[in-house]
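Worksheet for the structure shown next.
The values are calculated or read from the model by the stated rules, or taken from the named source; none is laboratory data. Note that the coordinates shown come from a computational prediction; the quantities given were computed from them, not determined experimentally. Cβ: placed from backbone, ideal geometry, glycine included. Neighbour counts: every protein chain shown.
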Amino acid sequence: MSTISNIDLHSHTNASDGALSPEQIVARAFSRGLNVLAISDHDLIAGVKAAQAEAHRLNELLLAQDPEAPVENFIKANARILGVTNGTLERSPQERLLTVVPGIELSSTWNNEQIHIVGLFVDVDNPELTNLIARHKLSRHERAEAIGEKLERLGFTDARARCAAQATPGAAITRGNYARFIYSEGKAESTDAAFHKYLARGKPAYVQTRWSSVPEVVEAILAAGGVPVLAHPRRYHFTNHRLRRLCTDFKDCGGMALEVSSSQQKPGDRDYLKQLCEQFGFAASSGSDFHEEGPFRDLGQNIDLPESLTPVWRCAQAEALGISPDLKQRLVEVTYKKSPAEEAAAAAAAAEAARPAAARTAPGTVTITVFHQEDDAQQSAADQAAQS
Ligand code: AMP
Ligand code: MN
Ligand code: MN
Ligand code: MN
């Protein structure tokens, strides 16, 4: 079983290491029934305005009931809907409008660790924020060069240029881009394996970077009128004690929220973050950290926020953007089962992935997978395996 939320406050476009353009991610958000989507690329805001413009265009089509208006095509007849919390399945055009939240995921260094802080509702033209972005752009550029050189010494020809050629022109290169490059070269079995083999700390292509401090990042977000959110706090693999120290430091310099719910959390993590939120008096955020289509991480997927917390979308900045303080997280519970046609498509995709890298087609199409009702037992076993 999966839930799909109408609010997702963490996502990436191809302005950094996501696979979809701002227009494509907005189309996907409509098709998955989102009402609020934050674009939060790594250390840049380049995708925000295009996403906002596209949402505006599609909202107008919806209100005009234009035949070209977006449809929610993940809820087709052959998906099994188990229930809808806080709303109904069928919604009017007004209920399906999308607000794009201007956001950014800023890298920071805290006690030699790389910490991500999402800034939501930021003024993307604010000079303090754009100065920080300019500094990080330089750091990213230098690091991308250094990683490229290391990879070249490890046998990858012309790594920097060829990795950049796979990204959007001018995109900020992250390790996520290098992971995809390494995978596409057939030198790792997955992007995750590329991290384990080459890019993670202590691995041969790792390059230490000194990002801005947590207070510097928080200050820039606050200066831009935004809300600083500590991103995926459990993904740093800190002890509880160390995470609490980070929360204390984050709070002391003006941090306002914790990302309590994110995709692919381990059991127990959400409960622990809920406790931290309550103890520190943080607001709560929820975001998928969507980068590209995959079975376990998608827009709105499995990011239910515990109802007792104060959601970050109920702040003054959200209201100023037109988000009603009454907006609730609507959760569509769906059971997935591939249809025979999709089984065939998945097999074809697997065969495609097994072909030599140079012959493969580029990722980036917006496809929503829809599933049949049969054989729930098999699927729930797969779901449980995925969550473990
Ligand atoms: P960077 O900010 O350049 O250090 O890159 C961090 C990004 O790399 C993250 O936001 C993820 O998108 C990606 N990433 C981090 N760890 C992994 C992993 N184990 N497997 C795949 N991608 C990862
Ligand atoms: Mn990323
Ligand atoms: Mn992150
Ligand atoms: Mn992210």
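Please find, within the stretch 340-371, the residue that is modelled with the highest pLDDT out of those that are in contact with a Phe, Trp or Tyr (Cβ under 9 Å, 6 or more places away or on another chain) and within 26 Å of V26 (Cα to Cα).
Step one: filter the stretch 340-371 for residues in contact with a Phe, Trp or Tyr (Cβ under 9 Å, 6 or more places away or on another chain), giving 342, 357, 368-371.
This time we only want the ones that are within 26 Å of V26 (Cα to Cα), so: 342, 368-371.
Numbers: E342: 75, I368: 39, T369: 36, V370: 35, F371: 33.
Of everything passing the filter in the stretch 340-371, E342 is modelled with the highest pLDDT.
Residue-wise test of (1) basic (K, R); (2) away from ligand 1 (no atom under 16 Å from the Cβ).
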| residue | (1), (2) |
| --- | --- |
| N14 | no, no |
| E23 | no, yes |
| A51 | no, yes |
| R57 | yes, yes |
| Q65 | no, yes |
| I81 | no, yes |
| T88 | no, yes |
| R91 | yes, yes |
Any strands (runs of 3 or more DSSP E) falling wholly within the stretch 216-321 and containing at least 2 residues that are within 16 Å of ligand 4 (Cβ to nearest atom) and hydroxyl-bearing (S, T, Y)
257-262, 283-287
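Scan the stretch 250-272 for residues that are over 17 Å from H10 (Cα atoms), touching a strand residue (DSSP E or B) at 6+ places or on another chain (Cβ under 7 Å) and crowded, with 16+ Cβ neighbours inside 10 Å and report the count. Break it down stepwise before answering.
So the first thing to find is which residues in the stretch 250-272 are over 17 Å from H10 (Cα atoms), and the list is 250-254, 266-269, 271-272.
This time we only want the ones that are touching a strand residue (DSSP E or B) at 6+ places or on another chain (Cβ under 7 Å), so: 250, 254.
Those left that are additionally crowded, with 16+ Cβ neighbours inside 10 Å: 250.
Adding up the residues that qualify gives 1.
If the requirement is being farther than 19 Å from R235 by Cα and modelled with pLDDT of 95 or more, which of these qualifies: G254, G287?
Working: G287 fails: farther than 19 Å from R235 by Cα.
After ruling out the rest, the residue left standing is G254.
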Check whether at least one residue in the stretch 11-23 is outside any strand (DSSP E or B), under 15 Å from E293 (Cα atoms) and among the β-branched types (V, I, T), and report yes or no.
yes
All positions within the stretch 21-34 that are crowded, with 21+ Cβ neighbours inside 10 Å and more than 16 Å from ligand 2 (Cβ to nearest atom):
V26, R28, A29, F30, R32, G33, L34
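Conditions (1) in contact (Cβ under 8 Å) with a residue 60 or more places away in the chain; (2) out of contact with any Asp or Glu (no Cβ under 6 Å at 6 or more places or on another chain); (3) of a type in the set (S, T, N, Q); (4) away from ligand 4 (no atom under 14 Å from the Cβ), marked per residue:
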| position | (1), (2), (3), (4) |
| --- | --- |
| S11 | yes, yes, yes, no |
| S16 | yes, no, yes, no |
| E23 | no, no, no, yes |
| D43 | yes, yes, no, no |
| A46 | yes, yes, no, yes |
| E60 | no, yes, no, yes |
| V84 | yes, yes, no, yes |
Say we look at the stretch 275-297 and pick out the residues that are more than 14 Å from ligand 1 (Cβ to nearest atom), buried (at least 20 other Cβ atoms within 10 Å of the Cβ) and within 14 Å of the chain's Cα centre (by Cα); which of these is nearest to W313 (Cα to Cα)?
S285
Being of a type in the set (G, A, S) and more than 22 Å from V101 (Cβ to Cβ) narrows G287, G294 down to just G294
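In this structure, does T88 turn out to be assigned to a loop (DSSP other than H, G, I, E, B) and hydroxyl-bearing (S, T, Y)? So that I can check it myself, show each step before the final result.
Values: assigned to a loop (DSSP other than H, G, I, E, B): yes; hydroxyl-bearing (S, T, Y): yes.
The answer is yes for T88.
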Of the residues in the stretch 108-138, those that are touching an Asp or Glu at 6+ places or on another chain (Cβ under 8 Å) and of a type in the set (S, T, Y) number 1
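Within the stretch 178-199, is even one residue touching a helix residue (DSSP H, G or I) at 6+ places or on another chain (Cβ under 7 Å), small (G, A, S), more than 18 Å from R160 (Cα to Cα) and not in a loop (DSSP other than H, G, I, E, B)? Before you say what the answer is, go through the steps one by one.
Taking the stretch 178-199 and keeping what is touching a helix residue (DSSP H, G or I) at 6+ places or on another chain (Cβ under 7 Å), we get 178-186, 188, 190-191, 194-195, 198-199.
Applying the additional criterion that residues be small (G, A, S) yields 179, 184, 186, 188, 190, 194.
Next, only the ones that are more than 18 Å from R160 (Cα to Cα) stay: 190.
Narrowing further to those that are not in a loop (DSSP other than H, G, I, E, B): none.
The answer is no, given that none of the residues of the stretch 178-199 is touching a helix residue (DSSP H, G or I) at 6+ places or on another chain (Cβ under 7 Å), small (G, A, S), more than 18 Å from R160 (Cα to Cα) and not in a loop (DSSP other than H, G, I, E, B).
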Here are some conditions: (1) within 15 Å of G103 (Cα to Cα); (2) within 16 Å of ligand 2 (Cβ to nearest atom). Q52 meets all but one. Which one does it not meet?
(2)
Residues within the stretch 140-162 that are crowded, with 19+ Cβ neighbours inside 10 Å, more than 17 Å from H42 (Cα to Cα) and without any contact (Cβ under 8 Å) to a residue 40 or more places away in the chain, tallied
4
Any chance R80 is surrounded by fewer than 23 Cβ atoms within 10 Å (Cβ to Cβ), closer than 24 Å to P311 by Cβ and in contact with a Phe, Trp or Tyr (Cβ under 8 Å, 6 or more places away or on another chain)
no
What is the one condition in (1) polar (S, T, N, Q); (2) assigned to a helix (DSSP H, G or I); (3) modelled with pLDDT of 70 or more that S380 does not satisfy?
(3)
What are the pairs with Cβ atoms under 6 angstrom where one residue, in the stretch 281-297, is touching a residue at least 60 places away in the same chain (Cβ under 8 Å) and on the phi < 0 side of the Ramachandran plot and the other, located anywhere, is more than 16 Å from ligand 2 (Cβ to nearest atom) and in a loop (DSSP other than H, G, I, E, B)? Sequence gap at least six, or different chains.
S286/I303; S286/L305; S288/I303
Given (1) of a type outside the set (D, E); (2) surrounded by 15 or more Cβ atoms within 10 Å (Cβ to Cβ); (3) at pLDDT below 95; (4) more than 16 Å from ligand 4 (Cβ to nearest atom), where does G170 come up short, assuming only one miss?
(2)
Within the bounds of the stretch 35-48, is there any residue that is crowded, with 17+ Cβ neighbours inside 10 Å, part of a loop (DSSP other than H, G, I, E, B) and away from ligand 2 (no atom under 16 Å from the Cβ)?
yes
